[in-house]
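Note sheet for the following structure.
The values are calculated or read from the model by the stated rules, or taken from the named source; none is laboratory data. Predicted, not measured: the structure shown is a model, and the values here were computed from it. Reconstructed Cβ throughout: ideal geometry from the backbone, glycine too, with neighbour counts over all protein chains shown.
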Amino acid sequence: MELTAPLSAKEFLQGEQQPDLLRFITCGSVDDGKSTLIGRLLWDSKQLFDDQLATLSADSKKHGTQGEDIDFALLVDGLAAEREQGITIDVAYRFFSTTRRKFIVADTPGHEQYTRNMVTGASTAQVAILLVDASQGLLTQTRRHAYLVSLMGIRHVVLAINKMDRMHFQSAVFHSIREAFDTFAQDLHFTEICAIPLSALKGDNVTHPSEATPWYPGPTLIEYLETVTVPPEREGGLIFPVQWVNRPHSDFRGFCGTVERGRVRVGDTLRVTSSGQTAQVSALISPSGPVSEAFCGNALTLTLSREIDISRGDVLSPQNQPLETTDHFEATLVWMGEEPGHAGRTYALKLATQWTTVTLTGIKYRVDINTLSHEATRNLALNDICVCTLACAKPLAFDTYENSKALGGFILVDRFTHATVAAGMIRHTLRRAQNVHRQSLTIHQADRERLNGHRGCVIWFTGLSGSGKSTLANTLEMELHAQGKRTYILDGDNIRQGLNKDLGFTEADRVENIRRVAEVAKLMCDAGLVVMTAFISPFRNEREMARDLIGAEQFIEVYVSTPLEICEQRDPKGLYQKARSGQLPNMTGINSPYEAPEHPQVIIDGSHPSPVTVLQKILTLLEHSTESSDHP
C-alpha cells in the first residue's frame, strides 16, 4: 500500500464523483471492534494531522480502554456519550485515501436499539465490512446486519473476523466462523464474501500481512478495498426529482434537484411523471456555473423552454422513457419506531422528494433473523423486518429498490411526532394498483345534498366507555330528524355485530375497526347524510386518519370528556368490573391507553351533561356545515 498525505475535507470531496471513490460501511454486533478498525485504518494510512494525533493521545489517557496504549476507537466515536460508555451510537463518516483509491467509511452502531442508524449508513455504501468477534462467533445482531446489508443492495461483503489475537490466531476458529456465515448467507444474494482474519487493535492483516497467520493466503483488508470492483447502479434513463422551484424574480423559473440516475443535456425533452406534460431543457446551471450536460450525482438547476406546471415532488424523466406510477405496492419495512406499527394505521411517506399519506394495509410476514424463515405477525415491533403492503393517497413515481435506490427506497414518518418510524424498500407494485380504477359517476355528492336539502357531514363522538357517547348521538339524531335532516348513527356495538364481527380488541384490531368505520362513514357522507359515529376510538392516529379520509371540512370531532371514575360508576355493560378482575385484558382506560383529542371542535363534560347545552353546541357548528347553498 502506497500512502498519501492527508487531504482536507474540501480537497477530498472535490473528487467524490471520480470512479476511484469507494464508500463502505463497518457493521456487526456490539464490541466487535468496528470503531477500532476504522481508527487503525486512519492511523496506518497516515491520514491524521499532528493536532489529531495529540488529541487522540490525550483522549486515550482520559477515555481509552487500552491502558497506556492508543485507543483507536476514539478517532471515530466523537459524541460525549460514546466516549463515556465506550460504544458507538450515531453514524460517523470518515474519509482517507491511498494512491490507488479514495474512501468514505461509515462507522455504524452495533447495539440493537440503534439498528436504524445502521440502515442509514448502509443506504449509500457499496461494500460492507461485517465484523465478527472471533471469541463470540456469529450473534443475532451479526445476522441482522448481514440481512440488512443484503436488503440495502450491497453485494460485496468483507467478513472481518476480528480479535484473532485473543484466540491465538487459530486457523480452526477462522474457518469455523467462515463456514457458519457462508451457510447463513446462502440466500442473501451476495456477489462476493471475502473472509479475513485480523486484529484491529494490533494491526494484523489490516494494512500489512500478519506473520501470525501464515495459513491465510488472501489479501489484507486495505488490499481488498483498493482492488474490489463494484459495478455501477443499473443503467437507465434520467431520474430527476424536483427538490425546489427556484423563482427569484418573474423572469426566471428553475427547478432544483440532484440527478439520481442517467444524464441530462441541454435540448433534451423531459416528461413530468404526474401530468405527462413535456418541455425541452433550455439551460443547466451547476454550482460553478452553466453546463451543457449533467450526470448522476450532480446537483443542479434546470430551466425549460416553456412554462408547465411543476412543483416540489414532481419527477422528471426522458420523454420516451416514462416512469411507472403506483398507489399500492409491496415493500420490506425495517421498523424503527418505539410504538408498534399496525395494519390499518396511516403514516406520511417520503419517496425521493414525493410526500403522501400512506396506509399500512397488511403485514404478510416477519423475517426471523436467525433462520431467515417467515413468521406470522399482526404488528411491527422495534427492529422487526417485515414484508408489508401499503396503499398511498395518490400515485407516486416509483421503481423497485433492486433497480433504483432513488425511486425504490422510502421512509415512513409519524404524522404527530414527525419521527421516522420505518425505512422501506419497494419489492413490486400490486396488480390491483393497475387493474382497479375509480369509476366516474353521473350523480355526485352535491347532487344528493341538493336533493336532501342539506350538506353531508360526519360527527365523530369519542370518549371512554360509559362516557355517554351513544346517548348523546341518539339525542342529537332525534333533534336532527325532527328538523327534516337525513341522518344515520354508526354505533360501536352495532357495527361489531356485523361488519366488524371478525375483530377483537387488541390494539391492531382496534386500528382496523376504526379504519373500516371511517370508510363506511365516508360513503354515507358522500350520500349526503349527516352521520354520527359513537366509538371509543382510543388512538389519535386513527381519528386523524378518519378526518383526512372524510375531509376536514366535513368532519366534526366531539370529545365526551367524562372522568374515568364516573365511567366506572356507570359501567352500563359491566366492562370495567371485568377489567378490574382481570377478565378483560384490553379495556381502554384500565390496561389500554386512551389518547384524548388535542383540538376537537366540541368538548362535552360528560359528568353532568345537559342535553339542551350539548345540542346547542353541536347544532351551532352544523348550522353552517349542513346548509346547502343551492337549497332555498
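A few notes on this one:
- Taken across the stretch 571-587, residues that are surrounded by fewer than 21 Cβ atoms within 10 Å (Cβ to Cβ), among the acidic types (Asp, Glu), at pLDDT below 90 and under 31 Å from the mean Cα position of the chain (by Cα) do not occur at all.
- Tallying residues that are at pLDDT 95 or above and of a type outside the set (Val, Ile, Thr) within the stretch 226-242 yields 2.
- Residue within the stretch 496-506 that is touching a residue at least 12 places away in the same chain (Cβ under 8 Å), under 29 Å from Ala446 (Cα atoms) and not acidic (Asp, Glu) present: yes
- Look at the stretch 395-422: where a residue is within 22 Å of Pro232 (Cβ to Cβ) and a partner is outside any strand (DSSP E or B) and polar (S, T, N, Q), sitting 6+ places away or on another chain with Cβ atoms under 9 Å, you get Ala397/Thr273; Ala397/Ser274; Phe398/Ser404; Lys405/Ser123; Lys405/Thr124; Leu407/Thr400; Gly408/Thr400; Gly409/Ser123.
- When residues of the stretch 86-129 are limited to those that are acidic (Asp, Glu) and at pLDDT below 80, the one surrounded by the most Cβ atoms within 10 Å (Cβ to Cβ): Asp90
- Of all residues in the stretch 156-174, those satisfying the criterion of being in a loop (DSSP other than H, G, I, E, B) and farther than 30 Å from Arg23 by Cβ are His168, Phe169, Gln170.
- Selection status of Glu598, over 29 Å from the mean Cα position of the chain (by Cα) and in contact (Cβ under 8 Å) with a residue 40 or more places away in the chain: no
- Considering residues of the stretch 372-407 that are under 15 Å from the mean Cα position of the chain (by Cα) and among the polar types (S, T, N, Q) only, the residue modelled with the lowest pLDDT: Asn383
- For the stretch 330-371, a residue qualifies if it is of a type in the set (Val, Ile, Thr) and either at pLDDT 90 or above or more than 16 Å from Thr115 (Cβ to Cβ) (or both), and the qualifying residues are Thr332, Val334, Thr346, Thr353, Thr356, Thr357, Val358, Thr359, Thr361, Ile363, Val367, Thr371.
- Only one of the listed residues (Ile618, Ile590, Ile604) is part of a loop (DSSP other than H, G, I, E, B), surrounded by 15 or more Cβ atoms within 10 Å (Cβ to Cβ) and modelled with pLDDT under 90. That residue is Ile590.
- Residue match in the stretch 189-208 (condition: without any contact (Cβ under 8 Å) to a residue 12 or more places away in the chain and more than 32 Å from the chain's Cα centre (by Cα)): no
- Positions within the stretch 375-394 being without any contact (Cβ under 8 Å) to a residue 60 or more places away in the chain and under 18 Å from Gly344 (Cα atoms), in sequence order: Ala376, Thr377, Leu380, Ala381, Asp384, Cys386, Val387, Cys388
- Residue satisfying all of: in the stretch 545-572; touching a strand residue (DSSP E or B) at 6+ places or on another chain (Cβ under 7 Å) and among the hydroxyl-bearing types (Ser, Thr, Tyr); farthest from Thr475 (Cα to Cα) among these: Ser561
- Matching residues, the stretch 521-564, being in a loop (DSSP other than H, G, I, E, B) and not aliphatic (A, V, I, L, M): Gly528, Phe535, Ser537, Pro538, Phe539, Gly551, Thr562, Pro563
- Highlighted here are the strands (runs of 3 or more DSSP E) found entirely within the stretch 257-327 that include at least 2 residues which are outside the structural domain of Leu390 (by TED's automatic domain parsing) and farther than 30 Å from Leu430 by Cβ: 263-265, 278-286, 289-291, 293-295, 299-304.
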